[in-house]
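Before I ask anything, here is the structure I am working with.
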């Protein structure tokens, strides 16, 4: 394992506060670009459902890593319970940021970047549906929940939303 991958693995393991080394290694598979092996689906879903970002709310990098890794695996597994749990975690952190930043009036650069990253997390989570219309609906519902929890998040992602809207209108 390269030094960089080892460092990322240890960051994820520490961030997840894993009590079970096997669960930590299963989450790490995202960073090694490895699919979940046969017979490990339940273990991966359990790892995703055990993610609790509240204790990590001061470490937005750890939150982003766990949300990204979990969302990619939840989508690959087509796990509705994993998708729902991670959606709830993303909305919870957005709400915590709203309170901490006084409705967005005192956002740090890291907080802004994290809020923008929630756009990609919402996209990842929407891929848990096979049908394109269901994906679009899931994305709209999740991003709407994030925007309800912290309206400034939608404003920070305006340029991305405009690109999506522009792409949807261009069917050539």
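The values are calculated or read from the model by the stated rules, or taken from the named source; none is laboratory data. Since we're looking at a predicted model, the values are computed, not measured. Note that each Cβ is placed from the backbone with ideal geometry, even for glycine, and that neighbours are counted across all protein chains shown.
Specify the residue that is modelled with the lowest pLDDT; the eligible residues are those in region 124-149 that are closer than 15 Å to residue 79 by Cα, surrounded by fewer than 19 Cβ atoms within 10 Å (Cβ to Cβ) and in contact with a helix residue (DSSP H, G or I) (Cβ under 6 Å, 6 or more places away or on another chain).
It comes out as 129.
Determine whether residue 93 is farther than 16 Å from residue 51 by Cβ and either in contact with a helix residue (DSSP H, G or I) (Cβ under 7 Å, 6 or more places away or on another chain) or not in a helix (DSSP H, G or I) (or both).
Values: farther than 16 Å from residue 51 by Cβ: no; either in contact with a helix residue (DSSP H, G or I) (Cβ under 7 Å, 6 or more places away or on another chain) or not in a helix (DSSP H, G or I) (or both): yes.
So residue 93 does not fit the description; no.
Which number in (1) over 13 Å from the mean Cα position of the chain (by Cα); (2) in a loop (DSSP other than H, G, I, E, B) marks the one condition that residue 52 misses?
Of the numbered conditions (1) over 13 Å from the mean Cα position of the chain (by Cα); (2) in a loop (DSSP other than H, G, I, E, B), the odd one out for residue 52 is (1).
A further question follows. Of the residues that make up region 27-42, is at least one assigned to a helix (DSSP H, G or I) and modelled with pLDDT of 60 or more?
Checked region 27-42: at least one residue is assigned to a helix (DSSP H, G or I) and modelled with pLDDT of 60 or more.
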